[in-house]
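A short write-up of the structure that comes next.
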Amino acid sequence: MELSSSVNRLKPSPTIGASEEVRKLKAKGIDVVRFDIGEPDFDTPDHIRMAGIEAIKKGFTHYTSARGIPELREALVSDQKRIGLGLDTSNVVFYPGSKIGLFSIFSLLVDPGSEVIIQDPLWPTYGSIIEYLGGIPVRVGDWSDQSPSGVFSLEEFERKISSKTRAILINSPCNPTGAVVTDDKIEELLEISGSKQIPLVLDRIYSALTYDGVEDKIPAYDVEDGNLIVISGFSKEFAMTGWRLGYSIAPKSFTNLLVEFQENTTTCPSSFVQYAALAALTGARDWQKKMNAEYEERRNVMVGEINRIHGWKCAPPQGAFYCFPFTGNGSDSVSLSSKLLLQAGVSSVAGAFFGERGESHLRLSYTTPRDRIVEGMKRIRDLLPL
Ligand code: PLP
């Protein structure tokens with residue numbers, strides 16, 4: 001069998017790989033405190049689950065429009081108008097997960113040799129998708145004094161734009177740093193990208209998960225006017241990872257191409273999942289406040305415990321559900337992560353997987369109950385030298 005040359009650029013996902021390692025240990029009966037997982041440990045709320053079941057009972061089990069069902073597109077438009085985006089249903093497509101949405105977007109933008117400017121450190125999947133398509137991720141540091149800050153240099157973004165640049169990509173709140181990029185920074189990025197006619201792809205999958213009263217705002221913007229492409233989904237905000245539902249918001253002409261891409265790939269997201277998502281968007285959100293309050297408490301516990309470890313340092317991240325502590329000058333994150341797993345039964349993801357500036361850091365998720373966070377951090381303190 002002769003394989004395509006792009007297979008050589010296909011990489012395993014380090015975050016999914018970390019979970020596989022843990023599964024093997026658990027199968028041997030070893031108790032692992034899990035800080036590697038990038039998904040809510042909360043179950044999908046009942047009213048959303050019931051809406052999915054009702055949809056199946058009513059026979060909504062057929063293909064839908066490649067764009068998604070009209071009611072869901074309407075509900076998303078109302079939801080997004082609330083945050084200041086000017087859009088209508090022709091700007092929206094739903095996918096079976098935002099990951100395939102990202103793949104679709106970059107398939108339309110990236111040619112071999114072209115460049116996408118991204119934050120560093122950043123979720124490894126972006127780089128993998130861009131490289132798989134033959135493109136080159138060009139990294140700009142989100143960093144100040146060893147702490148993730150969301151305060152990257154706009155000048156650096158501008159400086160890195162070349163004739164080969166096809167997009168600028170921002171993830172806020174950011175995986176792995178939890179940093180929130182403020183709306184005035186996004187506005188400036190939109191000005192830069194607008195003046196160069198380069199789309200700004202904004203991944204807002206963690207936008208509902210912010211703390212300390214910080215709101216993940218974006219500037220008022222008419223999608224049809226410009227070159228903003230928003231990608232997001234239901235996985236984190238509504239604790240719906242396994243349902244697989246994401247969406248993009250983009251100018252109509254680009255959206256039409258995304259629809260054609262979907263027609264030729266996944267056809268549409270699952271029909272009944274779309275009805276569950278409709279209940280998520282239109283139903284009560286009180287449960288979300290409780291979930292976020294719990295994440296904030298867990299974050300406080302985890303940050304406090306991290307800063308008790310000799311040589312480790314972490315400022316409180318303001319969004320998502322990850323801490324990204326600095327673990328000491330010159331520490332090799334892959335070895336450290338493996339040592340913590342094998343010798344302390346604590347899982348994490350090595351910072352090196354998230355980019356050049358990720359080395360000497362670990363990604364620790366607080367999608368774990370508070371007592372387990374305390375237990376895991378104690379195990380680390382007991383293992384590491386003072
Ligand atoms: N974007 C970011 C930054 C993520 O961390 C993830 C998942 O971890 C995704 C997108 C993909 O989410 P999904 O495909 O579940 O919608």
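Quick check on my filter: what residues within the stretch 1-33 are in contact with a strand residue (DSSP E or B) (Cβ under 7 Å, 6 or more places away or on another chain) and farther than 17 Å from Phe353 by Cβ?
Passing the criteria: Val32, Val33.
I'd like the full set of residues that are assigned to a loop (DSSP other than H, G, I, E, B), farther than 20 Å from Pro124 by Cα and touching a residue at least 60 places away in the same chain (Cβ under 8 Å), limited to the stretch 1-41.
Within the stretch 1-41, Ile30, Asp31, Val32, Asp41 qualify.
Counting just the residues of the stretch 42-76 that are in contact with a strand residue (DSSP E or B) (Cβ under 8 Å, 6 or more places away or on another chain) and part of a helix (DSSP H, G or I), which one comes out farthest from Lys252 (Cα to Cα)?
Leu72
Mind checking whether some residue in the stretch 82-104 is assigned by TED's automatic domain parsing to the domain that holds Thr267, exposed (fewer than 15 other Cβ atoms within 10 Å of the Cβ), modelled with pLDDT under 90 and not in a loop (DSSP other than H, G, I, E, B)?
The answer is yes; a qualifying residue exists.
Report, ordered by the first and then the second residue, all pairs with beta carbons closer than 7 Å, sequence separation of six or more or different chains, a first member in the stretch 232-248 that is touching a residue at least 40 places away in the same chain (Cβ under 8 Å) and among the basic types (Lys, Arg), and a second member that is within 7 Å of the ligand (Cβ to nearest atom) and in a loop (DSSP other than H, G, I, E, B).
Lys236/Ile205; Lys236/Tyr206; Arg244/Gly97
Can you pull out every residue in the stretch 310-351 that is of a type in the set (A, V, I, L, M, F, W, C) and either open to solvent by 10 Å² or more (accessible area, probe 1.4 Å) or in contact with a Phe, Trp or Tyr (Cβ under 6 Å, 6 or more places away or on another chain) (or both)?
Trp312, Cys314, Ala315, Ala320, Phe321, Phe326, Val334, Leu336, Leu341, Leu342, Ala344
Against the conditions (1) under 24 Å from Tyr126 (Cβ atoms); (2) in a helix (DSSP H, G or I); (3) within 16 Å of the ligand (Cβ to nearest atom), where does Leu281 fall short? Just the number, please.
(1)
Is it true that Ala277 is in contact (Cβ under 8 Å) with a residue 24 or more places away in the chain and among the small types (Gly, Ala, Ser)?
Judged against the criteria, Ala277 is a match.
The values are calculated or read from the model by the stated rules, or taken from the named source; none is laboratory data. Worth saying up front: this structure is predicted, and the values here are computed from it rather than measured. Glycine also receives a Cβ, built like all others from the backbone with ideal geometry; neighbour counts cover every protein chain displayed. Heads up: the accessible areas ignore ligands, DNA and RNA and are worked out on the full protein's heavy atoms, side chains in. Shrake-Rupley method; radii C 1.70, N 1.55, O 1.52, S 1.80 Å.
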